[in-house]
Amino acid sequence: MQLIHNRCTFADKQVIKLQETPDSVPDGQTPHSVSLCAYDELVDVCKAGDRVEITGIFRCNPLGIDASTVEQELSEQIAGEVEQVRKISQEEEEKIRATASRPDIYELLARSLAPSIYEMDDVKKGILLQLFGGTNKTFEKGGSPRYRGDINVLLCGDPSTSKSQILQYVHKIAPRGIYTSGKGSSAVGLTAYVTRDPESRQLVLESGALVLSDGGVCCIDEFDKMNEATRSVLHEVMEQQTVSIAKAGIITTLNARTSILASANPIGSKYNPNLPVPQNIDLPPTLLSRFDLVYLVLDRIDEQNDRRLAKHLVGMYLEDTPENASTEEILPVEFLTSYITYAKANISPRLTPAAGEALTNAYVEMRKLGDDIRSAERRITATTRQLESMIRLAEAHARMRLSEEVTASDVEEAVRLIRSALKQAATDQRTGLIDMSLLTEGTTAIDRRNRERMKKEILALVEELGGRGASGTRWAEAFRRFGEQSNVEVTAAEFTEAVRSLESEGLVNVVGDGARRSIRRVVGAL
């Protein structure tokens, strides 16, 4: 038998792997999957991560010469539209437009987001704007860099503060997205992994959680439990929104234009307000700075607030409407999903000159907060990343209103959300002032000044104790004398860090080991 190609009729074919949704999986079982074959006009109707409804016919085809071995092939016809890109009817569009024209649309949508969770209004509003997202752009000037419109949000704080519940609810209403846990995720599970195609036996890429969430929201719980290899892939995804792959001879770049909503618990299961966020949740500052909004969700002891929260929770278990929400309107989940889908598909807000002026003034005012007449070193209270975050939030607020233009009122709300988040996550507890160094470096301006002063005092002490000699000054003796003359308590770790910094600058040498360790001043150094 010989195949004559020029007399054959060719048809497009696509193999699709269909998997059960988590909601439909029976208790105690894993999601089942089946391979489908789509032909002709059904090719590329859906893409990875979409939710589809199908009807099809199971057929048994022989494999090879031995006809006793059969495989199941599903020649399917897609009966339902893809959920994420389905066309909204004229009636639904009119209802969405009517809802958007309400003056209280912002409060209504925020109230409808996780209504079972008590208060946390600013957190809900920030996540609501994340669901709408900003406008993706490509600037023609400067080599056509791509402007990220997706918003990243981090929730960190004490356990039992509804962080995971918010993530589950967002995953439920998001038109497109994946929910995963940081402890159970690997780097390849988040990006992509190589597998062998069952038909062609060729090596192919299978998308991970971040790639499957392209155009949606990726909810990552237990963000702090990720290992270093897994975290490293997030740096590229959160800023460039791509995943670079070089595995098994496959070299490519995948799109991961996703918003990341993450939650993290503090070290020791209790947030320490005296420590900065990076030290509380064990996350590198380089990764923290890529979040547009960082919210602290703390369990504060307040009898009046505790009583209201308990009434709210007990009322839910009694299947009764909570007291505080008895007269408030809440939108159904299905309508909220349709509203977000319609807004993202049809609305692309643009900045107006008035909004641009408001953004410029807001950024300059935030930078002025770092002026300190008592010190020559200024505190950093805002960076260009905060300015870009304000633009994204303002665009998302305009898109939520189904407006094609970003107004000054949108900018005002974006600035308020940014400042609200910074007051929680980037406030120095000793001064009560905002210092972005807490998020970007894990230290404050005061810490840096104290460290420089400590280094100068250590240098002077080493010279006083004869540290320019060949033997130098004993480490233990220098630490004891420094502790006696210091006005504040200095720990061994702080002293070691200061000496190591001096050594890296070439001002001192540390010789010996253990109890015989000594510090020697470098001759000729400034």
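Yes/no per residue for (1) modelled with pLDDT of 80 or more; (2) buried (at least 16 other Cβ atoms within 10 Å of the Cβ); (3) within 26 Å of residue 133 (Cα to Cα):
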residue	(1), (2), (3)
215	yes, yes, yes
243	yes, yes, yes
247	no, no, no
285	no, yes, yes
291	yes, yes, yes
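What's the number of the condition residue 451 fails, among (1) more than 24 Å from residue 131 (Cβ to Cβ); (2) in a helix (DSSP H, G or I); (3) modelled with pLDDT under 70? Of (1) more than 24 Å from residue 131 (Cβ to Cβ); (2) in a helix (DSSP H, G or I); (3) modelled with pLDDT under 70, only one is false for residue 451: (3).
Does any residue of the range 117-132 turn out to be hydroxyl-bearing (Ser, Thr, Tyr) and surrounded by 14 or more Cβ atoms within 10 Å (Cβ to Cβ)? Quick ask: steps written out before the conclusion?
Filtering the range 117-132 down to residues hydroxyl-bearing (Ser, Thr, Tyr) leaves 118.
Next cut, surrounded by 14 or more Cβ atoms within 10 Å (Cβ to Cβ) only: 118.
Yes, the range 117-132 has at least one match.
Considering the range 373-401, the residues that are under 14 Å from residue 134 (Cβ atoms) and acidic (Asp, Glu) include one that is modelled with the highest pLDDT, namely 395.
Residue check: is residue 92 loosely packed, with under 11 Cβ neighbours inside 10 Å, modelled with pLDDT of 80 or more, more than 31 Å from the chain's Cα centre (by Cα) and over 22 Å from residue 406 (Cβ atoms)? Reasoning before the result, please.
Values: loosely packed, with under 11 Cβ neighbours inside 10 Å: no; modelled with pLDDT of 80 or more: yes; more than 31 Å from the chain's Cα centre (by Cα): yes; over 22 Å from residue 406 (Cβ atoms): yes.
When the stated conditions are applied, residue 92 does not pass them.
Annotation: residue 495 fulfils all but one of (1) closer than 16 Å to residue 454 by Cα; (2) at pLDDT below 80; (3) of a type in the set (A, V, I, L, M, F, W, C); the unmet one is (2). Of all the residues in the range 110-126, those that are under 22 Å from residue 399 (Cα atoms) and of a type in the set (A, V, I, L, M, F, W, C) number 4.
Take the residues in the range 287-304 that are in contact (Cβ under 8 Å) with a residue 24 or more places away in the chain and out of contact with any helix residue (DSSP H, G or I) (no Cβ under 7 Å at 6 or more places or on another chain), then tell me which one is farthest from residue 392 (Cα to Cα). Walk me through how you get there before you give the answer.
To start, the set of residues in the range 287-304 that are in contact (Cβ under 8 Å) with a residue 24 or more places away in the chain comprises 287-299.
Of the ones still in play, those that are also out of contact with any helix residue (DSSP H, G or I) (no Cβ under 7 Å at 6 or more places or on another chain) are 291, 298-299.
Working: 291: 12, 298: 26, 299: 30 Å.
Result: 299.
The values are calculated or read from the model by the stated rules, or taken from the named source; none is laboratory data. Since this is a predicted model, take the numbers as computed values, not measurements. Note that each Cβ is placed from the backbone with ideal geometry, even for glycine, and that neighbours are counted across all protein chains shown.
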